[in-house]
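Everything on this sheet refers to the single structure shown next.
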Amino acid sequence: MVNWEAIDTVLLDMDGTLLDLRFDNTLWSSLLPQRYSQAKDLPLEHSQSHLFTHMDETRGKLEFYCLDYWAAFTGLDVVELHHELKDLITYRPSAEAFLLSLKARGKRSLLVTNAHRDSLDIKNAHADLTRHLDAAVSCHDYGCPKEDQRFWQQLQREPPFEPARTLLIDDNHQVLEAAKRFGIAHLITIVQPDSGKPPRDALEYPALHDFSDLLDHG
């Protein structure tokens, strides 16, 4: 799947790629609507409709990924909700072993995530992600999400990387499309970002079932 001789830099998404997306899906699709329903004294289905409609309206924008934005929109302590679900913060299969293998190969590795810094800090406290990586970048550092070309332009400046010799692994199709437009040559997606949901099919990019797919090659 990967010709490691052609790659110097590996860019890795966090949620749904290195970490199980079950945490985020449970928080945003289940826990947040429940707490919003209780706080506003609304039927759960009304709460779900209100929140999910607004999520669809902001999807792909910086606000969609911003905990401060959703705290203001809901009046809830969204950071505290993260702590309540901390036991769901887990690596996807063989992800940690893959990070260690990158060090052994001498590849530069960067976490590139749309997650808010508060979310990244909570997940890092439980999964100890960043010690395996050369750097960790949140889209909030740049003021634009990974779906936006401005993200990639800013990322390339510190320090520079060669898109033609860079691999991105990400479960988000829109992000992969943006990276492709920027010129990143090696793109891989994830078959099953959320362990609680069925594997995805009809994916447009080469796809990992788990990171052992890469450990077994090259």
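Worth a mention:
- Scanning segment 158-180 for residues that are in a strand (DSSP E or B) and not hydroxyl-bearing (Ser, Thr, Tyr), we see that the one that is surrounded by the fewest Cβ atoms within 10 Å (Cβ to Cβ) is LEU167.
- Identity of the residue in segment 181-191, closer than 25 Å to PHE23 by Cβ and without any contact (Cβ under 8 Å) to a residue 60 or more places away in the chain, that ends up surrounded by the most Cβ atoms within 10 Å (Cβ to Cβ): THR189
- Some residue of segment 72-95 being under 18 Å from ILE190 (Cα atoms), in a helix (DSSP H, G or I) and either in contact (Cβ under 8 Å) with a residue 60 or more places away in the chain or more than 16 Å from the chain's Cα centre (by Cα) (or both): yes
- The residues of segment 128-142 that are assigned to a loop (DSSP other than H, G, I, E, B) and open to solvent by 40 Å² or more (accessible area, probe 1.4 Å), listed by number, are ASP128, ASP134.
- Residues that are part of a helix (DSSP H, G or I) and touching a residue at least 24 places away in the same chain (Cβ under 8 Å) within segment 54-70 comprise MET55, LEU62, PHE64, TYR65, LEU67, ASP68, TRP70, listed in sequence order.
- Residue match in segment 195-214 (condition: among the basic types (Lys, Arg) and outside any loop (DSSP other than H, G, I, E, B)): no
- Subset of segment 1-53 (residues that are buried (at least 21 other Cβ atoms within 10 Å of the Cβ) and part of a loop (DSSP other than H, G, I, E, B)): ASP13, MET14, GLY16, THR17, LEU18, ASP20, LEU21
The values are calculated or read from the model by the stated rules, or taken from the named source; none is laboratory data. Remember, it's a predicted structure, so these values are computed and weren't measured experimentally. Note that we place each Cβ from the backbone using ideal geometry, even for glycine, and neighbour counts take in every protein chain shown. SASA here: full protein model, heavy atoms, side chains in, ligands and nucleic acids out. Shrake-Rupley method; radii C 1.70, N 1.55, O 1.52, S 1.80 Å.
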